[in-house]
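One structure below.
We did not get these values from a lab; they are worked out from the coordinates using the rules stated. Nothing here was measured: the structure is a model prediction, and the numbers come from that model. Ideal geometry is used to build each Cβ from the backbone, glycine not excepted, and the neighbour counts take in all protein chains shown.
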């Protein structure tokens with residue numbers, strides 16, 4: 001690959017069964033040589049298996065955005081992770097293969113001629129001024145528009161932002177998830193939960209017609225309330241499990257639209 005490029009390392013963990021069947025205790029990070037990680041993310045998806053009706057296959061995906069920091073042979077060392085079966089309690093130690101990537105030398109940048117420097121600077125300044133004016137017009141128009149209803153996709157984005165911004169404070173993760181759930185209940189289900197206590201919110205949620213949605217909401221709201229008052233900090237595995245479960249929930253809601 002070119003030294004100036006970025007690429008994505010994707011690791012898929014696939015099993016037969018529902019998303020909650022296996023628990024991965026921590027987010028695995030690969031050891032790299034001549035690469036650095038610019039960002040990482042994980043997601044969970046389910047699909048029907050072609051082998052027969054009622055068979056579900058779950059895919060847990062880990063993604064890493066990599067950028068070269070040197071040329072030559074870049075190495076992605078084996079990635080180790082442990083998946084625990086929640087039903088049997090059995091743990092499975094998994095490992096990826098070792099990858100080697102040839103990274104080309106950086107392409108030298110041509111030196112700009114002195115006579116063209118002033119012209120280029122003027123063009124850039126003009127471009128920035130034009131871009132600034134266009135941005136101001138867009139912002140002005142956006143402010144004049146009425147806010148559009150929040151879609152399920154935006155809940156997934158908000159959830160991803162919450163996880164990214166609360167890495168160092170796992171209690172804060174549950175606090176912000178609780179507020180996100182209240183926002184969902186108000187905007188998507190039309191429930192008056194603003195300013196209510198946790199017990200009152202649970203009672204209101206009990207009126208939902210969808211039993212699976214009701215059960216999930218009650219579980220996540222209780223979980224967030226419990227974390228709020230307990231002295232111990234939740235484990236990274238607890239956060240990861242809650243995050244994945246909510247991702248599946250909002251993804252399924254988006255598919256039904």
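When 69, 107 are arranged by Cβ crowding within 10 Å, least crowded first, meaning fewest neighbours, the order is 107, 69. Its convex hull of Cα atoms gives the range 152-255 a direction-averaged projected area, equal to a quarter of the hull surface, of 6.3 nm². In this rough spin-label picture, where each label sits 7 Å from Cα along the Cβ direction, the residue 16-residue 254 distance is 2.9 nm.
What ranking of 56, 223 emerges when the number of other C-beta atoms within 10 Å of each C-beta is taken as an exposure proxy, fewest first?
Ordered from fewest to most neighbouring Cβ atoms within 10 Å, 56, 223 come out as 56, 223.
Among 209, 16, sorting on how many other beta-carbon atoms sit within 10 Å of each Cβ, with the fewest leading, yields 209, 16.
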